[in-house]
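The values are calculated or read from the model by the stated rules, or taken from the named source; none is laboratory data. Bear in mind the structure is a predicted one, so any value in this text is a computation, not a measurement. Reconstructed Cβ throughout: ideal geometry from the backbone, glycine too, with neighbour counts over all protein chains shown.
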Amino acid sequence: MFLDDKKLIGQKIKFYRKKRGMTQACLSEKAEISEKHLSKIETGIHYPSVAIFFKIREVLDIPLEEFGIKLNTSEENVLRDELLRCIFALNDTETKFLLNFTKLTFDNYRIKDK
C-alpha cells in the first residue's frame, strides 16, 4: 500500500488536480482545507488526515487503486471491504478512538492468549 509514502500521495494528488485543470485554491476550497495545507500535502511535507484524503480523492475522482488500495469484490471479502469503507469514513477524532480501542483490545487479547 502506498498510503505510507507522503511524497507519492502528494504527487498523485497534484497530478490529478492538474489533470482536472484545477488550481490549488479551487481544490482547497472544494476539499474545505487551506491552500497552505494543500500545498504541504502536495509537496509531501504533511500527510492528509483520512477525512481530508477522502475529500480530496472524491473531488478529484482519483481511483483508490492509485494509492495501492484495492477493494475486493468477491463474496469472501465483503465484511473486510465494509470495514474498510467504515474506517475511511471516520473523522480524526473517531479514527483516534478506533485506533486506541483496537490497540487495547489486541493487547488484552494477547495477554489472555499467552
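Observations on the model:
- Filtered by the rule that a residue be closer than 15 Å to ASP5 by Cα and either acidic (Asp, Glu) or in a helix (DSSP H, G or I) (or both), the stretch 54-75 gives LEU64, GLU65, GLU66, PHE67.
- The stretch 89-112 residues that are outside the structural domain of VAL50 (by TED's automatic domain parsing) and in a helix (DSSP H, G or I), paired with ones that are modelled with pLDDT under 90 and charged (D, E, K, R) (beta carbon under 9 Å, 6 or more apart): none
- Restricting the stretch 42-53 to residues that are in a helix (DSSP H, G or I) and modelled with pLDDT of 90 or more leaves a set whose member that is surrounded by the most Cβ atoms within 10 Å (Cβ to Cβ) is GLU42.
- Reported count of residues in the stretch 1-52, each being within 14 Å of the chain's Cα centre (by Cα) and hydroxyl-bearing (Ser, Thr, Tyr), is 2.
- Boolean, LEU83 is part of a helix (DSSP H, G or I), over 12 Å from the mean Cα position of the chain (by Cα) and at pLDDT 85 or above: no
- Unique residue being within 24 Å of THR93 (Cβ to Cβ) and either of a type outside the set (Asp, Glu) or in the same structural domain as ILE87 (by TED's automatic domain parsing) (or both) when the list is TYR16, TYR47: TYR47
- Restricting the stretch 9-22 to residues that are touching a helix residue (DSSP H, G or I) at 6+ places or on another chain (Cβ under 8 Å) and not in a helix (DSSP H, G or I) leaves a set whose member that is surrounded by the fewest Cβ atoms within 10 Å (Cβ to Cβ) is ARG20.
- When HIS37 is tested against (1) assigned to a helix (DSSP H, G or I); (2) more than 25 Å from LEU99 (Cβ to Cβ); (3) modelled with pLDDT of 95 or more, just one condition goes unmet, and that condition is (2).
- In the stretch 20-41, the residues that are over 15 Å from ILE9 (Cα atoms) reach residues that are not in a helix (DSSP H, G or I) with C-beta atoms within less than 7 angstrom, at least six apart or across chains, in these pairs: SER28/SER34.
- LYS6 touching a His at 6+ places or on another chain (Cβ under 8 Å), surrounded by 11 or more Cβ atoms within 10 Å (Cβ to Cβ) and at pLDDT below 95: yes
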